[in-house]
Every structure is written in structure tokens, then in C-alpha cells.
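Each remark here refers to the structure printed beneath this line.
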Amino acid sequence: MRVVEGTFRVVEALKGEPPADGKLKTPVLGIVCMPLLPGLDYIVFLYGDNIIRGPGEGTRPIINIESPQEKHRLEKLRDLKKRDN
């Protein structure tokens, strides 16, 4: 499988442990992959080998983390975290 690798900094982990090396990968399917753009915030869902689950599975960039819509989405994820504990 071909992949694109990027480094990141964790702002908040809602479940599990982020990769200690600060790297994640996105699979390249044909000519398509999850864009990893510098300076954007992302909600990221990872699975084995720190591969990003794609947009259809939750991972996506956040254009404006301060928008009411994004704040609401993050609160819903935080509520799920509370239920797991």
C-alpha cells in the first residue's frame, strides 16, 4: 500500500494514545488520498500502523475551529469520551 506520511502535534486526544513519534499516514488510493495540509486542524481517527481512516470514516480538516458548528461537533465527541469512561 502506498501512503503519504505527515507529522502533527496533538491538541486533544479523545481516545487511545497518539503515536509517540508524532507521525501518521494516509493511504493513496489511485491518485487520491486524505490531504494533509500544513496549518489546518484535523479531527483524526487512526487504526493499525497509525493509518488515517478516511473522510467517510470520520477524519476531516477543520477550517475554523472557533465556529459554532465545529465547537458543537467537538462537544459531541467529548460527550462520547465521557460515556466510555
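Laboratory data are not the source of any read-out in this text; all were calculated from the coordinates shown. Only a predicted model underlies this, so the values are computations on that prediction, with no experimental measurement involved. Heads up, the Cβs are rebuilt from the backbone with ideal geometry, glycines too, and the neighbour counts pull from every protein chain shown.
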Helix 68-84 sits off the longest principal axis of the Cα atoms of the chain, rounded to the nearest 10 on a 0 to 90 degree scale, by 90
Those trypsin sites (Lys or Arg not before Pro) from segment 1-73 that are DSSP loop and have at most 16 other Cβ neighbours within 10 Å turn out to be Arg2, Arg9, Lys15, Arg53
For Lys76, the lysines lying under 21 Å Cα to Cα, once residues fewer than eight places off in the same chain are dropped, come out as Lys15
Fewest to most Cβ atoms within 10 Å: Val4, Val11 sort as Val11, Val4
Listed residues Glu70, Glu57, Glu12; largest mean-square fluctuation, Gaussian network over the chain with Cα springs below 10 Å, found at Glu12
Counting only DSSP beta bridges with both partners in segment 3-84, the antiparallel fraction in percent, to the nearest 5, comes to 90
The chain: relative contact order from alpha carbon pairs under 8 Å, six or more residues apart, as a whole percent, is 24
